[in-house]
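Step one of this worksheet: look at the structure below.
The values are calculated or read from the model by the stated rules, or taken from the named source; none is laboratory data. The shown structure was predicted, so the numbers you read here are calculated from the model rather than taken from an experiment. Using ideal geometry, Cβ is built from the backbone for each residue, glycine included, and neighbour counts are taken over all protein chains shown. Each accessible area value is taken on the protein alone, full model and side chains, heavy atoms only, with ligands, DNA and RNA left out. Shrake-Rupley method; radii C 1.70, N 1.55, O 1.52, S 1.80 Å.
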There are 2 protein chains.
Amino acid sequence: MTGSAAPPDAMLALVEALRRLPGVGVKSAQRMAYHLLQHDRDGALRLSQALDHAVHGIRHCERCHTFTEQPVCAACLDPARDTRLLCVVETPADQAAVERTGTYRGLYFVLMGRLSPLDGVGVQDIGLPELLARVREGEVREVIVATNFTAEGEVTAHAVAEALRALDVRVTRLARGVPIGSELEYVDLGTIAHAFSERR
Amino acid sequence: MTGSAAPPDAMLALVEALRRLPGVGVKSAQRMAYHLLQHDRDGALRLSQALDHAVHGIRHCERCHTFTEQPVCAACLDPARDTRLLCVVETPADQAAVERTGTYRGLYFVLMGRLSPLDGVGVQDIGLPELLARVREGEVREVIVATNFTAEGEVTAHAVAEALRALDVRVTRLARGVPIGSELEYVDLGTIAHAFSERR
């Protein structure tokens, strides 16, 4: 509009681009764009470069599918790890959570997603064929399925277990139970029921 | 850490850069980085370019200080506007809100902020000297102070009015009152009190 007080095109394009971030609506995107241009142009340029570097530098590990800047990630190349154990997680964030516990020293397979037929995410998309091929190599003795304990995570765990059933490998699932530090009164009933049936 | 499952450096740099966005914590930043790299690399590149274009293309209008890609913005150059009216707003977003009402056809002065001594934002930072110089040119007959009705916005409005007091110009403030469509029962008491004292 000629003569109007509409924001400049570069601003509108920036707002539109920011809206593609998950959880960012139009108001947040406008606030972010204003903040960057008015108070943090250095931060805006850094973000621009970080995005560019990440997109061009980060690929998937050929072995475990996690994000890496090398053909094979450092964890897969680590000679100190127990190659008989393979932990299946949904995302690199889940992998990082397992890693932080410091109790697991095996290898990982990162699905980079979860089964979600409604969103068009099938077994190909989570790398199930590659997982089977990996297990068929014969070195893995146990696959620990550590997908999330959500509906989609459970469906994914079931699909992984079914796919591996014919192979000579032990398939286990992380234990369900009452979280440490929680009071029974505030724990959901499904969790308590599971903790009962899986008591030891 | 050699052999660890730590995220690649480019990923960590991206998370760090995303955290500089307002309202984005470390968990949100990780989720955004994962989403962009796994599901929307095209969006990531677009955002990278949009940031770069915005930072290099957007400057402040020499007349009203709003964001523009030209030396002087389209609103300031619009010959159809009433140059005797000058509306003072805090941000381009506020300017856009006023503009959307379709009732105001004067010019704007955008403070690009608000007085906030605790954050080190003084009268220089909101362009008060430039506002005074603009009014001294003599064309403006009325300055409509449309800063926000927050504590800082009111302080800013007071400072603007004080600074203009010695000049031969009418200074008005947007009316306070009960918002259209609201029920008195749910309107805060200060607003109702103002609506009473400013009844007409």
Out of (1) open to solvent by less than 70 Å² (accessible area, probe 1.4 Å); (2) closer than 23 Å to A:Pro79 by Cβ, the one A:Arg136 does not meet is (1)
Counting only residues in the stretch A:140-149 that are more than 12 Å from A:Val89 (Cα to Cα) and in a loop (DSSP other than H, G, I, E, B), the one least open to solvent (accessible area, probe 1.4 Å) is identified as A:Val140
Of (1) in the same structural domain as A:Asn148 (by the TED database); (2) open to solvent by 50 Å² or more (accessible area, probe 1.4 Å); (3) in contact with a helix residue (DSSP H, G or I) (Cβ under 8 Å, 6 or more places away or on another chain), A:Glu90 fails just (2)
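Collect the residues in the stretch B:2-53 that are polar (S, T, N, Q), open to solvent by less than 20 Å² (accessible area, probe 1.4 Å) and at pLDDT below 95, keeping them in residue-number order.
Hit for the stretch B:2-53 is B:Ser4, nothing else.
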Being touching a Phe, Trp or Tyr at 6+ places or on another chain (Cβ under 8 Å) and assigned to a loop (DSSP other than H, G, I, E, B): is that true of B:Arg176 here? yes
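Checking the condition of a type outside the set (Phe, Trp, Tyr), free of Cβ contacts under 8 Å to residues at least 60 places away in the same chain, within 21 Å of B:Gln30 (Cβ to Cβ) and open to solvent by less than 50 Å² (accessible area, probe 1.4 Å), which residue from A:Gly113, A:Gly122, A:Gly106 passes? Let's see the steps before the verdict.
Numbers: A:Gly122 fails: within 21 Å of B:Gln30 (Cβ to Cβ); A:Gly106 fails: within 21 Å of B:Gln30 (Cβ to Cβ).
Among A:Gly113, A:Gly122, A:Gly106, only A:Gly113 is of a type outside the set (Phe, Trp, Tyr), free of Cβ contacts under 8 Å to residues at least 60 places away in the same chain, within 21 Å of B:Gln30 (Cβ to Cβ) and open to solvent by less than 50 Å² (accessible area, probe 1.4 Å).
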Within the stretch B:150-169, the residues that are over 19 Å from B:Cys64 (Cα atoms) and either in a helix (DSSP H, G or I) or open to solvent by 90 Å² or more (accessible area, probe 1.4 Å) (or both) are B:Ala151, B:Glu152, B:Glu154, B:Val155, B:His158, B:Glu162, B:Arg165, B:Ala166, B:Asp168
Exactly one of A:Glu99, A:Glu62, A:Glu69 is at pLDDT below 90 and either open to solvent by 10 Å² or more (accessible area, probe 1.4 Å) or on the phi > 0 side of the Ramachandran plot (or both), and that one is A:Glu99
Residue pairs within 7 Å by beta carbon, gap of at least six or interchain, first lying in the stretch B:10-23 and under 20 Å from A:Arg31 (Cβ atoms), second surrounded by fewer than 19 Cβ atoms within 10 Å (Cβ to Cβ) and among the acidic types (Asp, Glu), listed first then second, are B:Arg20/A:Asp40
Residue count, the stretch B:33-79, condition of a type in the set (A, V, I, L, M, F, W, C), facing chain A (nearest Cβ under 7 Å) and within 19 Å of B:Glu90 (Cβ to Cβ), comes to 3
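Does the stretch A:66-84 include one or more residues that are among the aliphatic types (A, V, I, L, M) and touching an Asp or Glu at 6+ places or on another chain (Cβ under 7 Å)? So that I can check it myself, show each step before the final result.
Narrowing the stretch A:66-84 to residues among the aliphatic types (A, V, I, L, M): A:72, A:74-75, A:77, A:80.
Filter once more, keeping what is touching an Asp or Glu at 6+ places or on another chain (Cβ under 7 Å): A:72.
Yes: one or more hits.
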All conditions in (1) more than 8 Å from chain B (Cβ to nearest Cβ); (2) charged (D, E, K, R); (3) open to solvent by less than 20 Å² (accessible area, probe 1.4 Å) are true of A:Arg84 except (3)
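Regarding the stretch A:30-49, can at least one residue be identified that is assigned to a loop (DSSP other than H, G, I, E, B) and within 30 Å of A:Ala159 (Cα to Cα)? I'd like the intermediate steps shown before the answer.
Filtering the stretch A:30-49 down to residues assigned to a loop (DSSP other than H, G, I, E, B) leaves A:40.
Checking which are within 30 Å of A:Ala159 (Cα to Cα) leaves us with none.
Within the stretch A:30-49, none of the residues are assigned to a loop (DSSP other than H, G, I, E, B) and within 30 Å of A:Ala159 (Cα to Cα).
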